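Nothing in this text is a laboratory measurement; each read-out follows from the coordinates by a stated rule. Keep in mind that this is a model prediction, so the values were computed, not measured. Note that each Cβ is placed from the backbone with ideal geometry, even for glycine, and that neighbours are counted across all protein chains shown.
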Amino acid sequence: MSGTWKWCPECKALHYVKVVPPDWRSIHFGSVRRNFNYSNCGDPIHFFKRKMKCMDCGTKWYSAEFKLTDLKDLIETNEGLRADVELMQEDLDSQRKEIGSLKTSLSIAVDGNKSRDGIIETLKSRIESYSKTIELFKDSQIELTLEYEEKRGELRELKDALKVIMKHVETEEV
Ligand SMILES: [Zn+2]
């Protein structure tokens, strides 16, 4: 077991760390894994994987050794992604605000519709009462017309009677 000073992820400090020898029974002879070289799911990053053990706390973990520029690329990509996520979050926030104001104006419109409906209902009932009044007027007009016709009939009878009387008077005078 070779050893060196490495950062222990559990102790969060530099501790003496040893490489845990692999279980050779589980590694096929002649395979790529034999010399601990891995590629990450076909990713262009190839690394040297080893199992480490902190000699202070006993924690075991896998370390990956690879090209430093690959790590820099990964960090830059990560930073770029974070910035993208922040921008997306800002977009999302402004969209949420827009949706909120749309909701508010929609509820105002709904309220406006409600008050419009109220006005329409009031107008409808007013129109109904006007129609009823007009119907009443019509009825009374019909009654008046009938009364008028009756009176006219009576008047005609009176006139006729008057004519008869006048004739009588004229003949008596003569
Ligand atoms: Zn440790």
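Quick notes on this one:
- Taking the average, over residues, of other Cβ atoms within 10 Å as the packing measure, peptides 79-92, 62-75 rank 62-75, 79-92 from highest down.
- A full extension of the chain between LEU71 and ASP91 corresponds to an added length of 4.2 nm, given 0.36 nm per residue minus the alpha carbon distance.
- Long-range amide H partners of VAL20 with built H, under 5 Å: LYS51, MET52, LYS53
- Label-to-label distance for ASP84 and LYS138 is 7.6 nm, based on points extended 7 Å past Cα in the beta-carbon direction.
- Net +/- balance of residues flanking GLY153 in space, Cβ distance below 12 Å, scoring K and R +1, D and E -1: -2
- Degrees between helix 68-173 axis and first principal axis of the chain (Cα, 0 to 90, nearest 10): 10
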